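Engineer: Supplied in structure tokens, the structure appears directly below.
Derivation of every value follows stated rules applied to the coordinates shown; laboratory data play no part. This structure is a prediction, so every number in the text was calculated from the model and none was measured. Positions of Cβ are backbone-derived with ideal geometry, glycine not excepted, and every protein chain shown enters the neighbour counts.
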Amino acid sequence: MNSTLSQRQERSLLDDPRTCQTIALNHRRNKAQDHTGEIDAVAARFEYAACRDEWWNPESYSLLYGTALWDGATAAQRRLLNHLYWVAYYAQIISAEIATILLNQTSAAGLASLEDFRPICDTLDLETAQERGHIQAFKTIGEAVEAELFGERLFTYPMRSMYAETMLFAETDRIRSFWKGLQLRAFSLLSSGNAFIGCQYFTVRGLRTLNGKMVQHALAAPASRAADPAATPIPSQISRLHFIDESFHFTSSCIISRDVLRSLHPPTPFERWVANRALRGCQRDHFHFSVAIKGIFWHDPALFSTIYRLLRSPAFDMDDRDAREMLRRCFTEESAGLHEAHRIHREAVESYRAYVAPLDYVSPDNREMRLMAQSTLDGYLARTRAALARFSPA
């Protein structure tokens, strides 16, 4: 075997009883509260007509909140934008969880090639099963809403491979998507045979989940604060149950990406390079911020066509001229919604820096999140204005 990839084990996970206890406790608690069956049952009962007149999320978590579209919307249109935030947000989460299902297993294979790592693998098996339940629930609701409202997909999509573009609305093209797919395939292969590289997936997963917790805590709030969560709209209930699961998953990411490293041999130069390339890729994925859906780092020019279709739909009933003008006002002018999206992005940069701070193999560029930190309001407006000037509806 190539010496750069050979597995060397000088210490056992059993030599770190505190980490072993933390792993066991997190797994035991997650298993005891596992809501997969409840999520399946709740999602199966979903009917849009039963909750279309209710708010699913806090008001500020609505599509294009704080923009010209929101300011001019009727009460019914604002509720629809609130529902579409839920559909769009969890469509992105589906993409992330498709990747999690595969990379949980390839990383577990890399860890299982060492002695005494079964408790981590058992934890990841449980989380993978939970992710499948989450995906099914999000798809059930998102597809039902779009079918009833529009008769076509806007944000949802058929099941796909993790090697497709992970960020649904990304700054990409065929060449970049192809290259990224090759990189993801290479990483999944390396992680399946190397414990350190396997752990690095959880560094990236930890960052992505950390960003998700910022939004998901708010989306879970309506059901979490209700005297009877079962009396809240079904999408709100699923947000709450998903947030509980993801809290355990985030703990797992922290344990594997930090504590477990103490039981591994220090990384080789090659392993450090792979780990930092993965972090650089995460920065690139999270470079942009979206005025359409705060907390998801979509490239808004890639959204123009979808939002144009929304504006032309019976929900807003705009003609071509009015729809184009609304795109201009929403995406190329400063607004309260744009400033809020930028604020959340800056907050993510700071929280990512704190997450990687204890990891001594992280390069200065990644430690300081220099790429993400270059994303500015002026840069956003320059990109959207240039892209809108070229925009032509399909």
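Engineer: Starting from 0.36 nm per residue, how many nanometres of slack lie between Glu334 and Met214 once their C-alpha separation is accounted for?
Structural biologist: Numbers: separation 120, 0.36 × 120 = 43.20 nm, distance 2.32 nm.
The span from Glu334 to Met214 would gain 40.9 nm if fully extended.
Engineer: Something else now. Run the numbers for Phe150 and Arg353: contour at 0.36 nm per residue of separation, minus the present Cα-Cα distance, in nm.
Structural biologist: Net length gain for the segment: 69.0 nm.
Engineer: Taking +1 at the Cβ of each Lys and Arg and -1 at the Cβ of each Asp and Glu, which of Ser192, Leu64, Ile238 sits farthest along the dipole of region 31-390 towards its positive end, judged by Cα position relative to the Cα centre?
Structural biologist: Toward the positive end, the furthest listed residue is Ser192.
Engineer: Select from region 38-110 those trypsin sites (Lys or Arg not before Pro) which occupy a DSSP coil region and have at most 12 other Cβ atoms within 10 Å, ordered by residue number. Walk me through the numbers before you get to the answer.
Structural biologist: Numbers: sites: Arg45, Arg52, Arg78, Arg79; in loops: Arg45, Arg52.
Taking region 38-110 and a limit of 12 other Cβ atoms within 10 Å, the loop trypsin sites (Lys or Arg not before Pro) found are Arg45.
Engineer: Oh, and also: Dipole of region 31-390, Cα-centred, from +1 at each Lys and Arg C-beta and -1 at each Asp and Glu C-beta, to the nearest 20 debye?
Structural biologist: It works out to roughly 960 debye.
Engineer: Compute the distance in nm between two label points, each set 7 Å from the Cα along the Cα-to-Cβ direction, one at Arg277 and one at Ala129.
Structural biologist: 3.5
Engineer: Any lysines with Cα under 20 Å of the Lys180 Cα? List them, leaving off those in the same chain fewer than 8 positions away.
Structural biologist: The reachable lysines, counting only those whose Cα sits under 20 Å from Lys180, number zero.
Engineer: So between Arg11 and Ala373, what do we pick up on full extension, going 0.36 nm a residue minus the alpha carbon distance? Walk me through the numbers before you get to the answer.
Structural biologist: On the way: separation 362, 0.36 × 362 = 130.32 nm, distance 3.79 nm.
Here the answer is 126.5 nm.
Engineer: Could you grab the relative contact order for region 31-390? Cα pairs under 8 Å, six or more apart, rounded to a whole percent.
Structural biologist: 22 percent.
Engineer: Then there's this: Taking the highest mean first, how do the peptides 123-135, 17-29 order by number of other beta carbon atoms within 10 angstrom per residue?
Structural biologist: Going by the mean number of other Cβ atoms within 10 Å, highest first, we get 123-135, 17-29.
Engineer: Which of Val291, Ala112, Gly379 sits farthest toward the positive end of the charge dipole of the chain, with +1 on the Cβ of Lys and Arg and -1 on the Cβ of Asp and Glu?
Structural biologist: Comparing the listed Cα positions along the dipole, Gly379 ranks first.
Engineer: Another question, then. What trypsin sites (Lys or Arg not before Pro) does region 194-228 have in DSSP loop regions with at most 16 other beta carbons within 10 Å? Working shown, then result.
Structural biologist: Numbers: sites: Arg205, Arg208, Lys213, Arg225; in loops: Arg225.
Loop-located and lightly packed - Arg225.
Engineer: Identify which of the listed values of semi-axes √(5λ) of the Cα gyration tensor in Å was calculated from the structure shown: (i) 32, 26, 19; (ii) 37, 25, 17; (iii) 35, 22, 20.
Structural biologist: (ii)
Engineer: Another question, if that's okay. Can you give the alpha-carbon Rg of region 259-319 over 2.2 N^0.38 Å, where N counts its residues?
Structural biologist: Normalised by 2.2 N^0.38 Å, the Cα Rg of region 259-319 equals 1.94.
Engineer: Computed FRET efficiency, Cβ-Cβ of Leu381 and His265, R0 51 Å: what is it to the nearest 0.05?
Structural biologist: 0.60
Engineer: Then there is this: Kindly provide the GluC sites (Glu not before Pro) of region 140-229 that DSSP labels as loop, not H, G, I, E or B, and whose Cβ sees at most 11 other Cβ atoms within 10 Å.
Structural biologist: Answer in residue order: Glu152.
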